[in-house]
Amino acid sequence: MTAYDVGVLILRVVLGLAMAAHGYNKFFGGGRIPGTARWFDSIGMKPGMFHARIAATTEMAAGIGLVVGLLTPIPAAGFVALMLVAAWTVHRDNGFFIVKEGWEYNLVLATAAVAVATIGSGRLSLDYALFHGTGFYDLLRGWWGLLISVGLGLAGGVGQLAIFYRPPTKTGD
């Protein structure tokens, strides 16, 4: 084990737990799924109940998947899709900086997850334990990790926006 492996583990755990916490909050926090569904409806992601369940489940699965380092480019793609949709629907009009509720945080989370998929999940991961020494392991890092995480993530996020996003109309216009 090297400092590199520990560093990647720390990054995976922090990113993954942060994302999983968002999913947990959607399931069990104040408004639970019904409250989250109402919020999704209000921002134009309809039907809200569908998106509340999908977002909460994806946040939990992507977060836990990154924590344990299992098929790492797939959870990283979840981060990209989730953060693209969040940035577009909620934060885009607020500019870049998070202090003004901009999309800075979304960019950092998605980029960090893609970076983990690119450098690989390290020796302290299920990817390494299950697939090291096989050709499949090479698909879970490097250029393949980058392409899978970005390609699937963008396809998922753009697809979801194209199919479901209907910006709320402003009253008084």
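Computed quantities for the displayed model
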quantity: Residue check, residue 33 under 22 Å from residue 119 (Cα atoms) and modelled with pLDDT of 95 or more; calculated: no
quantity: Among residues of the range 1-57, those that are in a helix (DSSP H, G or I) and farther than 22 Å from residue 167 by Cα, counted; calculated: 27
quantity: Any chance residue 36 is more than 14 Å from the chain's Cα centre (by Cα), hydroxyl-bearing (Ser, Thr, Tyr) and on the phi < 0 side of the Ramachandran plot; calculated: yes
quantity: Tabulated pairs, the range 5-34, first farther than 13 Å from residue 55 by Cα, second open to solvent by 70 Å² or more (accessible area, probe 1.4 Å), C-beta under 6 angstrom, 6+ apart or interchain; calculated: 5/123
quantity: Where a residue in the range 86-107 is on the phi < 0 side of the Ramachandran plot and its partner, wherever it lies, is among the polar types (S, T, N, Q) and in a helix (DSSP H, G or I), with Cβ under 8 Å and at least six apart; calculated: 86/106; 87/106; 91/106; 100/94; 102/94; 103/94
quantity: Verdict on residue 133 being in contact with a Gly (Cβ under 9 Å, 6 or more places away or on another chain) and farther than 15 Å from residue 77 by Cα; calculated: no
quantity: Scan of the range 115-173 for residues that are on the phi > 0 side of the Ramachandran plot and open to solvent by 80 Å² or more (accessible area, probe 1.4 Å), ordered by number; calculated: 172
quantity: Residue count, the range 20-76 (criterion: open to solvent by 40 Å² or more (accessible area, probe 1.4 Å) and of a type outside the set (Gly, Ala, Ser)); calculated: 24
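The values are calculated or read from the model by the stated rules, or taken from the named source; none is laboratory data. In this text the structure is predicted, and so the values were computed from the model without any measurement. Cβ coordinates were reconstructed from backbone atoms using ideal geometry, including for glycine residues, and neighbour counts include every protein chain displayed. Side chains are part of the model used for accessible areas, which takes the heavy atoms of the whole protein and leaves out ligands, DNA and RNA. Shrake-Rupley method; radii C 1.70, N 1.55, O 1.52, S 1.80 Å.
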